[in-house]
Amino acid sequence: MVEPSLAGPLRIGIARTEVDESDATIADMRAALLRDGAVSFRPAWDDGLLDTLLQLCRTADFLPETIARVGERTYEGGDKAGRLLRFLLERPSFLLWAQAIAGCETLHHVTGLIGEIAPGTQQGLDWHDDLNDGGLRRLAVTVHLSDAPCEGGSFEIREKGSGRTLFRQDAQPAGTMTLFRIDPQLHHRVTPLTGGGPRRVFGGWLSR
């Protein structure tokens, strides 16, 4: 299991997003991204903001979704929490910071939605690489939004050729964020839940 490797490089507020753009922080995060395929951290959330996101999720209807050749989950109907998260993340300060970490060309857009995986179901996401968008995605982002502890539901990244696992992360506290590489040589999956949950996560992409 990979615990969040950095604490507090990001503060997210309703009015602004502040980033730690020091050379040391950027270098540490870039090294983790290259070595492990992902970097995970716990942003500071302004008072009440994370609670607002969680409450929007609690009151939402989650609708079934089948993703061809990948798996099943449910997703947030109405998109209220997802829309708020995209607004918070699609700010120049965050996109420029993520761009510096990834060492990629200019990032312009954040897309994504909030999905759930429940225990006692066939839900889960098999190995896939997120390269089905015409080549615009550069990074993926997840934000954990679960209310209850989960068993299973691990997020894993591995090399396609060797099968070597680079990154494995079990359920995290609400608010934990992970950035991971979109790379033809890598793929990732989310294993089924065996108990607790549901596992609720915003899954999105930063694109040029």
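Report for segment 1-117 the percent antiparallel among DSSP-assigned beta bridges with both residues inside it, nearest 5.
In segment 1-117, approximately 75 percent of DSSP beta bridges are antiparallel ones.
The mean accessible area for residues of the chain, using a 1.4 Å probe and ignoring ligands and nucleic acids, is 47 Å² per residue. Got a sec? Which residues in segment 66-107 would a label at Lys160 touch, if it sits 7 Å along Cα→Cβ and we count backbone N under 18 Å? So the set is 68-71. Here the chain is treated with +1 on each Lys and Arg Cβ and -1 on each Asp and Glu Cβ, and its dipole about the Cα centre works out to around 300 debye. All other residues whose Cβ lies under 13 angstrom from that of Trp127 are scored, Lys and Arg at +1 and Asp and Glu at -1, for a net of -1. Of the listed values (i) 8, 32, 32, 18, 8, 1; (ii) 8, 37, 40, 14, 1; (iii) 7, 17, 13, 9, 7, 6, 6, 6, 6, 5, 5, 5, 4, 3, 2, 1, 0, identify the label whose number matches P(r) over Cα pairs in 10 Å bins from 0, in percent calculated from this model. Recomputing P(r) over Cα pairs in 10 Å bins from 0, in percent here gives the entry labelled (ii).
Take the solvent-accessible surface of the protein heavy atoms, probe 1.4 Å, and return the percent of it on the chain that carbon and sulfur atoms account for.
Within the chain, the accessible surface is 49 percent carbon and sulfur.
Full-extension gain between Ala44 and Asp23, please, as 0.36 nm times their residue separation minus the C-alpha to C-alpha distance.
Using 0.36 nm per residue and subtracting the Cα-Cα distance, I get 5.6 nm.
Extending 7 Å from Cα along the Cβ direction at Leu96 and again at Asp129 yields two label points whose distance is 3.3 nm. The local environment of Glu18, defined by Cβ-Cβ distances under 15 Å, has a net charge of 0 under the rule Lys, Arg +1 and Asp, Glu -1. Extension gain, Ile14-Glu72: 0.36 nm per intervening residue step, less the Cα-Cα distance, totals 17.7 nm. Local charge for Leu145 was computed over the other residues whose Cβ lies under 15 Å away, with Lys and Arg +1 and Asp and Glu -1, and equals +3.
The values are calculated or read from the model by the stated rules, or taken from the named source; none is laboratory data. Values in this document were obtained by computation on a predicted structure and should not be read as measured data. Cβ atoms come from the backbone with ideal geometry, glycine included; neighbour counts cover every protein chain shown. Surface accessibility is based on the protein's heavy atoms, side chains included, excluding ligands, DNA and RNA. Shrake-Rupley method; radii C 1.70, N 1.55, O 1.52, S 1.80 Å.
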